[in-house]
Structure formats: structure tokens, C-alpha cells
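The values are calculated or read from the model by the stated rules, or taken from the named source; none is laboratory data. As the structure is a computational prediction, the values presented were derived from the model and not from experiment. Cβ placement follows ideal geometry from the backbone for every residue including glycine, while neighbour counts extend to all protein chains displayed. Remember, those area values only see protein heavy atoms, side chains included, never the ligands or the DNA or RNA. Shrake-Rupley method; radii C 1.70, N 1.55, O 1.52, S 1.80 Å.
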Amino acid sequence: MQDLILSVDLGTTAVKVALFDKSGELMALSTQEYSLITPKTSVVEGDVKTYWESFKQGILELKTKHPFSAESVRALGISAQGETLFFLDEKGVPLRNAIVWMDNRALAEAERLTAEFTNEACYKVTGQVSFDPCWPAAKILWLRKNEPELFRKTATFALIEDYFIYKMTGKLVSEGSLLCSTVYWNITTKRWWREMLTFLGIRESQLPEIREPGEAVGPILPEVAAELGLSPGTIVCTGALDQAAGAIGVGNIAEGIFSENIGAALAICSPVRKPAFHASRIMPIHYFGIPDMYMMHSFTTGGMVLRWFRDAFCDMEKTVGGMIGSDSYDLLSKEAALVPAGCEGLIMLPHLNGSMAPDVNPKAKGVFCGFTLKHQKAHFIRAIMEALGYLVRRNIEALGILGIQIGEVRSLGGGARSAVWNQIKADITGRPLVTMQCPEAASLGAAILAGKAVGMYGDIADACGKMIKVAGRFDPDPACREIYDRNYENYKQLFNDLTDLFRKNYE
């Protein structure tokens, strides 16, 4: 009987269910999109039933795309969004909608946590550089104040991965790669932050059992297996934060490797053996998807910048792409390739929604600087691509300050599909950039963790060696070094010089 691994990627606006064989081949993929509930700008919630039903529909669609026997699936792994919080009663039934990670209603509560504990303490204990409204601790404090009856009825506070594992196995467990950004879990002791729990008014008994990423939890409950069309012999495993799973899915499992993921956001991940704390709090520290490893991780505005530009100024490319059956982004890449490195002096700041670590400025905005009469649309397209390349280099530079030296970049996400953009990033960073064959890195990472957990591979490195296949390699062009070194310095100076202007104009 063929050994297969099922993985579920619990994303913000879609659930992806993927089926892999032992060699890492993606046998089938189902993407089930859903809408979020946003009655106010600061409120973002998710219907719990929708998450589960989307998962079920995804499994059904997989079976139509690639029929498989339930008994052939040995393990189920999970890649999950962080910070999305569930509120369960004593029977494990959700009491309300989940509060999604991007929900920003708990601003006052985040300020209260900052006043009580300080951002320095937050960083020292949890690895997160400051108390933010999106962290589950702030959400719980908000619930206690604004929905006190529901707060009293909540028997368990769970993250989305915890809830799915509970639904399938009946066991409430969680793991560190998601727990570290709750800011009520101590990243170095791997235990609950008791002083924080006391302040929030909750008990350890209201939280899941702490496990490691990539651990076998147990078989699917018979009645749930029947509901899902799976076997009760399939073992459910703890997974990892989506960005950690994505890093594992491209083989970024050792110190000195760096992965960048350009999707809607730009996310960077760099595994380290020990947490690299710094007095400047220049970079958040997360627990990685491999036990006793950590991850320097940050994210900021990414591919949404190019999407904004395409939607606002590139109707022709969208129309032509539709007529010839080509992706409009491919056409944008071809236009960018016609422009020389450095965009003939045009530089962009890509901060359409503020700037995150290592240069935190929530009031930062997007800027095009240095355009003249000779600059055409293609220059602006390439300037956006180069701006994201400068952001990648800035993160590598920040890691260097922490004593972490990067020798290679692994690329994933939508941005990795553009050979032009990959070459730009390699040239700007001065480091080789590698892409992988599997387009679903987070799903593959979850499958790697699950396969190792049930003994299909000796360890994570063994699993990566057998399941991950390189698609391409982009070496930096020495001819571009001088222009990109100069423009990178100009990019940093432009950001710094506009700091006061951002503050004055957007207070």
C-alpha cells in the first residue's frame, strides 16, 4: 500500500489541502476560499464552522482529482496562521467567531499590557519586540472587558491549529511556533508566562498541553474519520506556523540559510540554534518548526505593492494576459527586464501599510523618488521589484548585526515564480538564490513534519533530502554590484530622511 501524507494549510482567506507521496511529489491540491467577517475596520473574525467545512470540502475535491484509499494516508500535518484565537466551552464547542490575527480592536489592551510589563519584558520573555493588538493576550484582555459573560464561559483558549487537532483527535495540544506570538508563552523556558496569565485572569488549565512541532498526537477519532472520509488509522501530528512550515518546505532548516516569501506580505525566516536577543530589539524571535531551534522572523508589505500597481496602472497587461492566456504578472516581469539595474535612478519605498522590523515605523508610506521625463511604466515596475529586494537585503543586514551570517537565500511564494525578480534579489543581496519545484512550500513543510513524526524518515534533514527538489539557482551578477550597493544606501537614506515627514503628515 502506498504511503501518503495529507497536509492542511490553514490560511487567512483559504484552506489548502494537499496530498504528497513519500518522494515529496504533490499528487493533488485543493484550495477552498472563504470570506472573513469585517463589520468594522478594526474587526476581523472567522466563522469556525466555515474553517472546518472548507477542510472537509478540500478532502472531497482531492479525491476527485487524485482518487486514493483512506488507508493509504499514514499521517496528517498542519501549517497554520498564527494568532487567530478560538474560545471553547467545557465540551470544546466554540462560543463565538474566532478573532483573526489581523484584528486590531485590542489597541487599548495592547497599550495596557505595555504599561504593565514594558515592551522590553515582552521581548525578553516571548521574543516579540512589542505588545501589539493582534497578539492573543491583547485579544483575551479585550474579551474580558467587552464580553465578560463569554469570558467567564470560556473553558479553553485555543489557536487554529490547536482547534483542528482537537476536532480530529479529541486532544487539546499546541506547539511553540504558534505559541510564541501569543505573548503568554515563555520562548526560552517553553512554559506559560505565569505573571501574564495572572494579569489576563486565566489559568494554565484553560490552555492546551504544550508539545513540540512535528509530534504525533494520535489517530483520528472514528466518527471524525467517517465524517472526513479518512481512516481512523491516520495519525494527526502537530505542525508549525505557516512561515516556519514554508521555510522547512524549501529546506531552510540550518543556521546560515535564509528564506524569503513574497506573497501579499514579505516574510523572512532565518533558523538559529539559540535565540539571538539584541538590546535594540531589531528583529522578532520565534520558536521554529524543529524542536529546540529558533527563527528570526519578520514580515512587512510585500507583493501587494506590485498587485496595487498592476490593478491601478496596468489594465493593458491584464487585458492582454487574458487574451493570450498568460499571467499578467509574467508580462510585468518582461517589461521590468527591459530596464537596466538601478532603474536609472528611480527608487521606491514599498511601505504602503507602514514598515515593520527591522525598521519599525507604522506611519511610513510608499514613495517613488527620482523619476524624470525618461522614466516609463516599466521603470516603475522594476523599481517595485528592486524595493522588495532592498527590503530582503535590509533584513540580511539586520541579521548580521545579531551575528547571524547568511550564505544563501531560498525563495518561495508568488514572487519566486518570476525569474527576473529572482535575479534582481540575487544581485541586490549578493547571494545565490535558490527556488524549489513544489509551489506549495508550507504544505510540503507540514508534510515533512508529519512524515518524520510517524517514522517515515529518520529526521527532518532526511525528509527534506528526499522530498524537496531544486528548480533553479540564480547567482549574483558582479556587473550589478556597484549600482545596487549605491542604490541600497540611497534607499536606506531615503527612508531615514522621510521619518519626520511621515510623522508630521500622518499624526
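Tell me the carbon and sulfur percent of the accessible area for the stretch 135-222, rounded to whole percent, probe radius 1.4 Å. The partial results should precede the final answer.
Details: 1550 of 3190 Å².
Using a 1.4 Å probe with all protein chains present, the stretch 135-222 comes out at 49 percent carbon and sulfur.
From zero outward in steps of 10 Å, how is the percent of C-alpha pairs of the stretch 80-214 spread across the bins?
13, 48, 34, 5
Rounded to two decimals, what is the ratio between the C-alpha radius of gyration of the stretch 1-90 and 2.2 N^0.38 Å?
Numbers: Rg = 15.1 Å, N = 90, 2.2 N^0.38 = 12.2 Å.
For the stretch 1-90, the normalised Cα radius of gyration comes out at 1.24.
Going by average Cβ neighbours within 10 Å, how do the peptides 205-218, 292-305, 320-333, 344-357 rank, with the highest at the top?
My ranking of the peptides, most packed first, is 292-305, 344-357, 205-218, 320-333.
Carbon and sulfur: what percent of the stretch 281-350's accessible surface (1.4 Å probe)?
60 percent
Put one equal scatterer on each alpha carbon of the stretch 382-479, apply the Debye formula with no solvent term, and list log10 I(q)/I(0) at q = 0.18, 0.19, 0.24 1/Å to two decimals.
Taken in order of the listed q values, log10 I(q)/I(0) reads -0.90, -0.96, -1.17.
Based on C-alpha coordinates, I'd like the Rg and Dmax of the chain, in Å.
My reading of the Cα-based Rg and Dmax gives 22.6, 69 Å.
Please enumerate, by chain and number, the lysines with C-alpha under 17 Å from the C-alpha of residue 452, excluding those fewer than 8 residues away in the same chain.
22, 466
Excluding ligands, DNA and RNA, what is the solvent-accessible area per residue of the chain at a probe of 1.4 Å, expressed in Å²?
Values: 20240 Å² over 507 residues.
On a per-residue basis, 40 Å².
Residues in the stretch 409-438, backbone N under 18 Å from the label point at residue 489 (7 Å along the Cα-to-beta-carbon vector): list them, ranges by number please.
In the stretch 409-438, the label zone of residue 489 (backbone N under 18 Å from the point 7 Å along Cα→Cβ) covers 428-430.
So what is the calculated 222 nm ellipticity per residue for the chain, using -39500 (n - 2.57) for each DSSP H run with n of 4 or more, over all residues, to the nearest 500 deg cm²/dmol?
Value at 222 nm, helices only, nearest 500: -12000 deg cm²/dmol.
Among all the lysines, which ones have a C-alpha under 19 Å from residue 16's C-alpha, if same-chain residues fewer than 8 places away are not counted?
Within the straight-line cut-off, residue 16 pairs with 49, 56, 63, 65, 167.
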